[in-house]
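*Asks:* Submitted below is the structure of interest, expressed as structure tokens.
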Amino acid sequence: MTETFYEVMRRQGITRRSFLKYCSLTAAALGLGPAFVPKIAHAMENKPRIPVIWLHGLECTCCTESFIRSAHPLAKDVILSMISLDYDDTIMAAAGEQAEAIIDETIAKYDGNFILACEGNPPLNQDGMSCIIAGKPYLEQLKHAAAHCKAIISWGSCASYGCVQAAKPNPTRAVPIHKVIHDKPIIKVPGCPPIAEVMTSVITYMLTFDQIPELDRQGRPKMFYSQRIHDKCYRRPHFDAGQFVESWDDEGARKGYCLYKVGCKGPTTYNACSTTRWNEGTSFPIQAGHGCIGCSEDGFWDKGSWYARLTDIKQFGVESTADVIGGTLAATVGAATAVHLGVSVVKRAQQKGDQE
């Protein structure tokens with residue numbers, strides 16, 4: 001029988017008080033209220049750790065690199081206590097045939113009850129020969145594990161959408177996971193890479209509630225992908241005021257103005273970057289002075305320059321354009337008044353003619 005999360009923590013010398021504090025932090029990370037703390041504690045006390053197989057296809061391993069830097073909860077707590085990470089060729093000690101045998105062992109022991117985490121995507125051209133794992137195409141390894149899993153987590157934009165491997169002309173015909181696996185629930189956690197705490201929190205939610213989180217139309221967890229970066233960006237007041245960086249290192253840049261005019265894709269990108277942020281909540285690209293490139297949105301790699309201004313944003317800066325708006329309204333009112341006067345004159349002339 002697989003140990004529960006609480007049993008593992010107690011074996012490691014964690015006190016009951018520290019365990020409950022951990023449950024409170026986890027609830028906060030998931031955006032849940034204090035009422036959910038007892039539910040999280042109960043789940044971690046009674047439910048066995050979730051077995052996870054973590055596969056790697058065409059990718060750069062940035063998702064794993066992000067994951068292991070999570071602070072709330074710590075990645076080591078997720079890996080060593082919350083889940084049973086049976087296979088991940090990047091961070092596991094085993095190698096070669098010993099490592100590959102673990103996949104079949106996990107499938108035999110937990111058939112239909114393990115999570116398949118996929119980082120990267122499969123190439124379809126040339127029978128998948130552009131990505132070989134243990135002498136076989138990654139596509140073959142993916143389909144084999146997916147046939148026996150409970151659900152799939154597509155880590156990062158590579159697994160979720162295809163990312164740069166699928167960029168035009170896509171010679172390897174790299175495709176996202178959902179293009180080859182059609183009969184399993186798939187949770188997409190896009191980003192290049194995703195935020196560490198977003199990754200660990202998705203797993204925590206699935207452990208706690210024994211179900212996948214509520215997803216948006218694209219299959220992303222709503223708790224992290226329901227708002228645009230623009231909506232919570234600390235530079236948003238500058239956007240509304242019409243205060244923009246016009247060129248790199250200009251006066252506006254030094255004052256921290258909005259980066260919209262130098263290509264920021266925050267107004268069209270859904271992610272938690274501006275609230276959860278990176279490196280234990282220290283910062284995120286916009287705070288570091290670089291516009292969002294929209295890496296958690298489908299097709300961002302084929303949408304032209306990262307520094308090209310978006311052309312379909314309808315909102316205006318309320319301060320800088322107030323005079324223009326006022327002038328436009330005055331012109332509109334003036335034109336309407338002129339039309340009204342013209343119509344009145346015509347009517348009077350007609351009435352006078354009828355009387356004569």
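*Asks:* May I ask you to verify whether V37 is out of contact with any Asp or Glu (no Cβ under 6 Å at 6 or more places or on another chain) and under 22 Å from I103 (Cα atoms)? First the steps, then the outcome.
*Replies:* Values: out of contact with any Asp or Glu (no Cβ under 6 Å at 6 or more places or on another chain): yes; under 22 Å from I103 (Cα atoms): no.
Here the answer is no, as V37 does not meet what is asked.
*Asks:* Considering only region 85-107, I want to know if a residue exists there that is charged (D, E, K, R) and under 19 Å from T204 (Cα atoms).
*Replies:* So the first thing to find is which residues in region 85-107 are charged (D, E, K, R), and the list is 86, 88-89, 97, 100, 104-105.
This time we only want the ones that are under 19 Å from T204 (Cα atoms), so: 86, 88.
Checked region 85-107: at least one residue is charged (D, E, K, R) and under 19 Å from T204 (Cα atoms).
*Asks:* Restricting attention to region 241-250, which residues are free of Cβ contacts under 8 Å to residues at least 60 places away in the same chain and either surrounded by fewer than 17 Cβ atoms within 10 Å (Cβ to Cβ) or in contact with a Ser or Thr (Cβ under 6 Å, 6 or more places away or on another chain) (or both)?
*Replies:* Hits for region 241-250 are E246, S247, W248, D249, D250.
Each row is one residue, and each column tells you yes or no for (1) in contact (Cβ under 8 Å) with a residue 60 or more places away in the chain; (2) assigned by TED's automatic domain parsing to the domain that holds T64.
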site: I195; (1), (2): yes, yes
site: M199; (1), (2): yes, yes
site: D210; (1), (2): yes, yes
site: Y234; (1), (2): no, no
site: F239; (1), (2): yes, no
site: G252; (1), (2): no, no
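*Asks:* Can you tell me which of (1) modelled with pLDDT under 95; (2) polar (S, T, N, Q); (3) touching a Cys at 6+ places or on another chain (Cβ under 7 Å) is the one T269 doesn't meet?
*Replies:* Only one criterion in (1) modelled with pLDDT under 95; (2) polar (S, T, N, Q); (3) touching a Cys at 6+ places or on another chain (Cβ under 7 Å) is unmet by T269, namely (1).
*Asks:* Further, regarding this structure: Please verify whether T275 is under 30 Å from A117 (Cα atoms) and not in a loop (DSSP other than H, G, I, E, B), treating the condition exactly as stated.
*Replies:* Details: under 30 Å from A117 (Cα atoms): yes; not in a loop (DSSP other than H, G, I, E, B): no.
Here the answer is no, as T275 does not meet what is asked.
*Asks:* Taking into account only those residues within region 172-224 that are at pLDDT 95 or above, in a loop (DSSP other than H, G, I, E, B) and aliphatic (A, V, I, L, M), which is surrounded by the fewest Cβ atoms within 10 Å (Cβ to Cβ)?
*Replies:* That would be V180.
*Asks:* The conditions are (1) without any contact (Cβ under 8 Å) to a residue 60 or more places away in the chain; (2) under 18 Å from the mean Cα position of the chain (by Cα), and G299 fails exactly one of them. Which is it?
*Replies:* All conditions pass for G299, except number (1).
*Asks:* Can you find even one residue in region 230-242 that is part of a loop (DSSP other than H, G, I, E, B) and within 30 Å of L85 (Cβ to Cβ)?
*Replies:* Initially, region 230-242 is screened for residues part of a loop (DSSP other than H, G, I, E, B), giving 233-235, 241-242.
From the residues that got through so far, the ones that are within 30 Å of L85 (Cβ to Cβ) too are none.
No, that holds for no residue.
*Asks:* Ok, one more. When you go through (1) surrounded by fewer than 17 Cβ atoms within 10 Å (Cβ to Cβ); (2) part of a helix (DSSP H, G or I) one by one for L139, which number turns out not to apply?
*Replies:* Checking L139 against (1) surrounded by fewer than 17 Cβ atoms within 10 Å (Cβ to Cβ); (2) part of a helix (DSSP H, G or I), the one that fails is (1).
Residues checked against (1) modelled with pLDDT of 55 or more; (2) in the same structural domain as G256 (by TED's automatic domain parsing); (3) of a type in the set (S, T, N, Q):
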{"position": "G299", "(1), (2), (3)": "yes, yes, no"}
{"position": "D302", "(1), (2), (3)": "yes, yes, no"}
{"position": "T311", "(1), (2), (3)": "yes, yes, yes"}
{"position": "G342", "(1), (2), (3)": "no, no, no"}
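Table: residues versus (1) among the aliphatic types (A, V, I, L, M); (2) surrounded by 15 or more Cβ atoms within 10 Å (Cβ to Cβ); (3) assigned by TED's automatic domain parsing to the domain that holds T208.
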{"residue": "R11", "(1), (2), (3)": "no, no, yes"}
{"residue": "P34", "(1), (2), (3)": "no, no, yes"}
{"residue": "V37", "(1), (2), (3)": "yes, yes, yes"}
{"residue": "E45", "(1), (2), (3)": "no, yes, yes"}
{"residue": "P48", "(1), (2), (3)": "no, yes, yes"}
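The values are calculated or read from the model by the stated rules, or taken from the named source; none is laboratory data. Since the model is a prediction, treat every value here as computed from it, not as a measurement. Using ideal geometry, Cβ is built from the backbone for each residue, glycine included, and neighbour counts are taken over all protein chains shown.
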